[in-house]
Amino acid sequence: MLWIGVIGASLAVFSWKILGYLVPQKLVSSNRALHVSSKLTIALLAALVGVQTFVSSGHVVFDARVPAVIVAGVLSWLRVPFVVMVIISGGVAALARYYLHW
Amino acid sequence: MSFSVGLATGLYAVSFGALSTLAGLNIWQTMSLSLLMFSGASQFAFVGVIGSAGLSGLTSAVLSAWLLGVRNGFYGLSMSPMISPRGFKRITAAQLTIDESVAVSMAQDSEPNRKRGFWLTGMFVYLFWNSLTALGALAGEAMGDPKSWGLDAAAAAAFVGLIWPRLKDLISTSVALGAAVIAVVTSLFLPAGWPVLLAGLFGVLVALFLKERD
C-alpha cells in the first residue's frame with residue numbers, strides 16, 4: 001500500500017518537472033501563475049507546521065512540540081544550519097517530555 | 001558553488017532519511033522517495049503526513065507532495081528554452097529540475113555558465129541527497145521510540161526551516177498564518193491530511209484575489 005503511494009507521489013511530482021520541457025512556453029507562463037504557485041507552496045508548508053505542532057489524532061494538543069517549534073523559529077531566524085536547527089528543536093521536545101512530562 | 005550547494009542540501013537529506021523511517025517507511029521506500037521524487041519539500045510533506053496520519057493519510061500525502069511540486073513545473077518552463085533537451089535528456093533534465101539547480105543556474109552571468117550551473121548542481125545534489133538519505137534512514141531505524149527523541153517535533157521544525165526563507169513579505173506571512181489556523185481548526189473534524197490540502201486552496205484563493213495589489 002505504502003509503495004503505491006511512494007511511486008504514485010513520485011510520478012505526480014515528476015509530472016510537474018517534465019511539464020515545463022514538454023509544453024511550449026507561450027502557453028503557460030505568467031506572473032499571476034508564479035504568484036499563485038508561490039502562495040500555494042507557502043500555504044501547504046505553513047499548514048504542515050500547524051498540523052505537526054498542534055494536532056494529535058484529531059485533537060488540538062499543546063505539548064512538548066510547542067516549545068520545540070518556537071525554538072525552531074528562533075534558530076531559523078538566526079540562520080542556524082538546517083540540520084542543527086532540527087536536532088536542537090527535537091532535543092527541546094525530548095527534554096520537555098523527559099523532565100517536565102509534557 | 002555547485003559542490004557546496006550539493007553538500008549543504010545533503011544535510012537536509014539526513015534529516016529526511018531519519019524522519020522518513022521514523023514515520024514508518026522502510027529504508028527502501030525512503031531511498032525510493034529520494035531517488036524518484038527527488039524534491040525536498042514534497043518528500044518531507046509525504047513522510048510528514050504518513051507519520052501523523054498513518055496509511056489512512058496516504059491519499060492526502062500523495063496530493064500534498066503533488067501540489068508542492070507545482071513550482072517545479074515553473075522551473076522547467078524557465079530552464080527549457082536554455083537547456084532545450086532532446087529525447088531522453090528531457091527526462092534527466094526534468095528529474096534534476098529542483099530549487100537548487102535552478103537557483104544556481106539563474107545566479108550565473110552567461111549562458112554556458114547557466115547550463116553548467118544547472119547540470120553540475122543537479123548532479124551533485126542528486127549524489128549527496130541520495131547518499132545522505134541512506135545515512136539518515138539507517139540512523140532513523142537505529143533509534144527507538146520517535147516521540148522520546150522528539151522526532152515528531154523535529155518534523156515540525158523541518159517544515160519551519162523550509163518555510164522560513166519564503167516569509168519575505170507581509171502577504172506571504174499572512175497567508176502562512178491563515179493557512180496554519182485553517183489547517184489546525186479543520187483537523188478537528190476532517191480526516192487527517194485533508195486540512196493541509198484545504199489550507200493550500202486558501203493560499204491559491206488569496207493569490208488569485210490579491211493579484212492586483214502586486
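The values are calculated or read from the model by the stated rules, or taken from the named source; none is laboratory data. All values derive from a computational prediction rather than experimental measurement. When we count neighbours, we look across all protein chains shown, and the Cβ atoms used for this are built from the backbone with ideal geometry, even at glycine. Heavy atoms of the whole protein, side chains included, go into the accessibility calculation; ligands, DNA and RNA do not. Shrake-Rupley method; radii C 1.70, N 1.55, O 1.52, S 1.80 Å.
Of note:
- Nearest-10 value in Å² for the accessible area of residue A:60, using the 1.4 Å probe: 60 Å²
- Convex hull volume per residue for chain A, taking Cα atoms only, in Å³: 175 Å³
- Legend: residues in segment B:81-96 shielded by at least 40 square angstrom of accessible surface upon adding the remaining protein chains to the isolated chain (1.4 Å probe, heavy atoms) are B:90, B:94.
- From its DSSP helices (H runs of at least four residues, each -39,500 (n - 2.57)), chain B gives a residue-normalised ellipticity at 222 nm of -24500 deg cm²/dmol.
- Chains B and A together, accessible area buried on both sides, 1.4 angstrom probe, square angstrom: 6700 Å²
- Comparing mean-square fluctuations of A:90, A:20, A:73 from a GNM of chain A with C-alpha springs under 10 Å, the top value falls on A:20.
- What the phi angles of segment B:170-186 give under the Karplus curve with 6.51, -1.76 and 1.60, with θ = phi - 60°, is a coupling list of 5, 5, 4, 5, 5, 4, 4, 5, x, 4, 5, 5, 4, 5, 5, 5, 6 Hz, glycine and proline written as x.
- Residue A:68 sits among other residues whose Cβ lies under 11 Å from its own Cβ, and their net charge, with Lys and Arg +1 and Asp and Glu -1, is 0.
- Percent breakdown of C-alpha pair distances by 20 Å bin, ordered from the shortest bin, for the protein assembly as shown: 34, 59, 6
- log10 of Debye I(q)/I(0), alpha-carbon scatterers only, for segment B:50-122 at 0.12, 0.21, 0.23 Å⁻¹: -0.41, -0.84, -0.94
- All Cα pairs of chain B, percent lying beyond 21 Å: 58 percent
- Gap separating the Cα centres of segment B:66-135 and segment B:169-201, nearest whole Å: 30 Å
- Accessible area of residue B:169 in the full protein assembly, 1.4 Å probe (Å², nearest 10): 70 Å²
- Value of relative contact order over chain A, rounded to a whole percent, pairs C-alpha under 8 Å and six or more apart: 18 percent
- Within the accessible area of the protein assembly as shown (1.4 Å probe), percent carbon and sulfur: 71 percent
- Phi angles across segment A:34-49 convert, under the Karplus curve 6.51 cos²θ - 1.76 cosθ + 1.60 with θ = phi - 60°, into 3J(HN,Hα) values of 4, 4, 4, 4, 5, 6, 4, 4, 4, 4, 5, 5, 5, 4, 5, 4 Hz, Gly and Pro given as x.
- Fraction of alpha-carbon pairs over 11 Å apart in segment B:83-125 - percent: 59 percent
- Heavy-atom accessible surface of chain A, averaged per residue, reaches 51 Å², computed with a 1.4 Å probe.
- Relative contact order of segment B:158-214, defined on C-alpha pairs under 8 angstrom at six or more residues apart (%): 28 percent
- Distance between the 7 Å Cα→Cβ label points at residue B:174 and residue B:3: 4.7 nm.
- Calculated Rg and Dmax of segment B:110-214 using C-alpha coordinates, Å: 19.1, 54
- In chain A, the sites counted are trypsin sites (Lys or Arg not before Pro) in DSSP loop states with at most 10 other Cβ atoms within 10 Å, and the longest stretch holding none of them, exclusive of the sites, is A:27-78.
- Burial here means at least 40 square angstrom less accessible surface with every protein chain in place than with the chain by itself, probed at 1.4 Å; in segment B:46-67 the buried residues are B:55, B:58, B:62, B:66, B:67.
- Taking all protein chains into account, the per residue accessible area for segment B:51-143 stands at 44 Å² (1.4 Å probe).
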